[in-house]
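Contents: one structure, followed by commentary.
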Amino acid sequence: MRCRRPGRALVLVLAAAALLAPPAGAQTTSGWPAFPLDELAPGTVGYALTEGPDGVERFAIEVVARQEGFGLGFPLVLVRASGPLIDAAGGVAAGMSGSPVVLPHDGSEALLGAIGYTFADAPGGLALVTPIEAMRTQGWPAVAAGGTAAPGAGTAGHAMAALRAAGIAPIATPVLVAGLGERALGLLQRELTSASFDTVQVLPGGGSGAEAEGPLVPGSAVAVGWVRGDVSVSAIGTLTELQGDRWLAFGHPLLGAGAVDWPLLAARVTALVPRRSVPFKLADAGAAVLGRLEQDRLAAVGGRLGERPDLLPVTLTVAATNAAGLEEQTTMRFEVVRDPDLWPGLVAVATLEALDRVRGRSGGGTATVHWDVGLRDGPGLRLSEAVVHATDVATAAARLTGAPLALLARNPFQDPRVTRVSLLMRIEDQRRDVEVRQVIAEAGEPVAGTVVPLYLRLQPWRRPGEVLGLDVAWPAHLDGRVELVVRGATWPREEGADEAPDPDDAPLTFDELLAFLRERPRGGDLVVEARADGGQWERLERVAIPGFVTGRVALTLDVAAAGGTASGAPGGAPDMPEDEGP
């Protein structure tokens with residue numbers, strides 16, 4: 001089960017749009033052996049490395065104690081950090097996750113591990129170090145365990161809960177963002193679902209694209225990218241160790257996602273910013289992809305330099321009438337990581353940004369979305385849907401955009417092998433919802449196995465009411481006292497429910513899921529359903545209506561058995577009540 005990383009503060013700053021490139025500069029292997037934990041003694045003094053505005057700097061570390069019992073599968077080491085860098089920041093700063101800690105051993109130096117955790121709201125330089133052997137085992141499972149899964153995978157949620165109960169949290173991770181406005185940033189925070197998000201600074205335009213000015217070494221700032229292009233989202237931390245082309249960082253889980261395929265980017269720290277809560281590193285993300293992140297585990301994140309991740313290309317085109325009343329269109333292009341728990345939500349965030357850029361305001365209206373999803377195996381998926389919202393149609397449309405993508409990405413059957421996503425959206429101020437107000441059956445007792453005329457009173461938003469006649473083919477087995485419901489396809493069937501019911505026939509294969517997505521009822525569909533006492537609901541009719549259908553009307557009918565005769569005289573359309581307006 002995936003664990004979303006808990007914590008205290010997330011810094012949303014600025015990142016450049018990254019362009020794929022080979023690793024920049026020479027890399028250096030750390031060369032330290034692991035410090036043996038059974039020889040650890042309180043009072044031992046060493047140092048840690050982390051990047052500041054002037055490059056990688058040292059600060060003093062004193063061992064306080066070895067800490068057990070958090071359910072991590074490995075101990076943590078309590079240390080106290082000090083020195084000018086810590087004093088200037090006001091403590092251990094967000095972005096220092098992964099800073100390597102080196103202690104003297106046998107006349108030389110050994111690598112204890114990485115600074116990974118701190119205490120909530122505790123002043124000073126107290127921090128907890130993740131041992132390097134645990135980081136190597138989980139960050140490089142193919143090396144440490146012969147290719148088997150990393151020990152402790154799947155236990156992140158329990159371990160993080162135990163740490164939180166003790167007042168311990170992973171050191172906050174700054175998330176660098178470019179190309180998002182305030183509303184899209186808010187949606188991003190909700191999508192990443194972590195208590196460690198704290199918007200500190202949002203700057204307009206793109207980032208500097210600054211690269212690391214020297215070789216990548218332990219203590220260097222690095223960024224893990226989730227989105228690259230016209231929108232950019234990445235998380236910053238510190239490199240712990242290099243062995244050849246393999247690297248380790250952070251000293252704690254980023255999202256606890258397990259095996260992943262995410263880009264590793266260069267980063268440069270521009271300032272250390274003191275704060276009452278958690279100080280943080282202000283940084284720029286570089287343009288070059290240095291390698292790929294392969295493991296996001298309890299003890300570390302790790303991967304290889306020089307390898308490129310497989311990212312999903314997205315093209316998003318939005319058309320709308322802007323605040324000046326003029327037709328405007330914008331197209332955004334970006335790449336997202338293929339993590340099924342991330343990319344649908346990240347696409348939704350970018351959608352909200354594109355809508356806000358074009359429309360220039362919030363408010364109600366109607367949005368139409370067209371999806372064109374390329375699949376490596378078989379024909380692509382083309383869908384269309386509409387949504388109406390009284391106060392914030394842009395956010396409603398953004399959430400709608402991600403819904404079918406999430407079903408596809410998180411399906412239990414197989415990797416969907418999505419090759420591309422293209423989205424075309426149209427947003428307008430006019431509300432095009434149509435409410436179902438009343439349903440009347442033709443005079444006389446309906447007979448099962450015959451055609452039963454129904455007359456529906458529909459009320460479009462701020463337009464004249466309409467009457468729609470439907471000839472419903474009534475099933476021969478559905479007789480007696482029958483409950484009839486007419487509703488918008490995305491409207492709840494039961495009064496007081498929050499959502500439309502799940503389909504009666506759930507997909508059992510990937511092909512059935514694709515068929516369900518292609519054929520599912522849409523917001524512009526009106527459905528007629530019925531059930532006998534104690535029976536299952538049956539769909540009798542589905543009709544496409546221009547607009548977005550809302551509302552629900554229930555009716556109880558006494559239906560004669562098949563072959564019977566209606567007790568009432570047939571008649572034409574019944575008199576509908578005079579339209580009272582919306």
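Does Arg308 fit the bill of being at pLDDT 85 or above, among the basic types (Lys, Arg) and surrounded by 24 or more Cβ atoms within 10 Å (Cβ to Cβ)? The answer is no for Arg308.
The residues of the range 273-301 that are over 24 Å from Gly125 (Cα atoms) and either at pLDDT below 85 or not assigned by TED's automatic domain parsing to the domain that holds Val177 (or both), listed by number, are Asp284, Ala285, Gly286, Ala287, Ala288. With respect to the conditions (1) under 23 Å from Leu342 (Cα atoms); (2) touching a Phe, Trp or Tyr at 6+ places or on another chain (Cβ under 6 Å), Ser422 falls short on a single one, namely (2).
Against the condition surrounded by fewer than 15 Cβ atoms within 10 Å (Cβ to Cβ), small (Gly, Ala, Ser) and either touching a Leu at 6+ places or on another chain (Cβ under 7 Å) or not assigned by TED's automatic domain parsing to the domain that holds Leu408 (or both), how does Gly523 come out, does it pass? Walk me through it before giving the result.
Working: surrounded by fewer than 15 Cβ atoms within 10 Å (Cβ to Cβ): no; small (Gly, Ala, Ser): yes; either touching a Leu at 6+ places or on another chain (Cβ under 7 Å) or not assigned by TED's automatic domain parsing to the domain that holds Leu408 (or both): yes.
Against the criterion (surrounded by fewer than 15 Cβ atoms within 10 Å (Cβ to Cβ), small (Gly, Ala, Ser) and either touching a Leu at 6+ places or on another chain (Cβ under 7 Å) or not assigned by TED's automatic domain parsing to the domain that holds Leu408 (or both)), Gly523 does not qualify.
Of all the listed residues (Gly113, Gly98, Gly91, Gly71), the sole one being touching a His at 6+ places or on another chain (Cβ under 7 Å) and either crowded, with 24+ Cβ neighbours inside 10 Å or under 28 Å from Ala161 (Cβ atoms) (or both) is Gly71.
Could you tell me which of the residues Ala473, Ala506, Ala497 is loosely packed, with under 13 Cβ neighbours inside 10 Å, closer than 21 Å to Leu557 by Cβ and outside the structural domain of Gly378 (by TED's automatic domain parsing)?
Numbers: Ala506 fails: closer than 21 Å to Leu557 by Cβ; Ala497 fails: closer than 21 Å to Leu557 by Cβ.
The conditions single out Ala473.
Restricting attention to the range 356-367, the residues being within 22 Å of the chain's Cα centre (by Cα) and closer than 26 Å to Trp461 by Cβ number 2. Only one entry of Leu355, Leu316 meets the criterion of being touching a residue at least 60 places away in the same chain (Cβ under 8 Å), surrounded by 15 or more Cβ atoms within 10 Å (Cβ to Cβ), assigned to a helix (DSSP H, G or I) and not charged (D, E, K, R), and that entry is Leu355. Count of the range 372-386 residues, restricted to those that are closer than 8 Å to Thr419 by Cα and out of contact with any Leu (no Cβ under 6 Å at 6 or more places or on another chain), is 3.
So in the range 242-258, with the set limited to residues that are small (Gly, Ala, Ser) and under 21 Å from Glu57 (Cα atoms), which one is surrounded by the fewest Cβ atoms within 10 Å (Cβ to Cβ)? Explain how you work it out, then say what you get.
First, pick out the residues of the range 242-258 that are small (Gly, Ala, Ser): 244, 249, 251, 256-258.
This time we only want the ones that are under 21 Å from Glu57 (Cα atoms), so: 249, 251.
On the way: Ala249: 31, Gly251: 34.
Of everything passing the filter in the range 242-258, Ala249 is surrounded by the fewest Cβ atoms within 10 Å (Cβ to Cβ).
Pick out the one residue from Gln295, Gln329 that is in contact with a Ser or Thr (Cβ under 8 Å, 6 or more places away or on another chain) and of a type outside the set (D, E, K, R). It would help to see each step written out before you state the result.
On the way: Gln295 fails: in contact with a Ser or Thr (Cβ under 8 Å, 6 or more places away or on another chain).
Unique residue meeting the criteria: Gln329.
Can you list residue pairs whose Cβ atoms sit under 7 Å apart, with the first residue in the range 544-565 being assigned by TED's automatic domain parsing to the domain that holds Leu478 and the second being of a type in the set (S, T, N, Q)? Count only pairs 6 or more apart in sequence or on different chains. Close Cβ pairs (under 7 Å, with a partner that is of a type in the set (S, T, N, Q)) amount to Phe548/Thr366; Val553/Gln438.
The values are calculated or read from the model by the stated rules, or taken from the named source; none is laboratory data. None of the values given here were measured: they were computed from a predicted structure. Cβ sites come from the backbone with ideal geometry, for glycine too, and all protein chains shown count toward neighbours.
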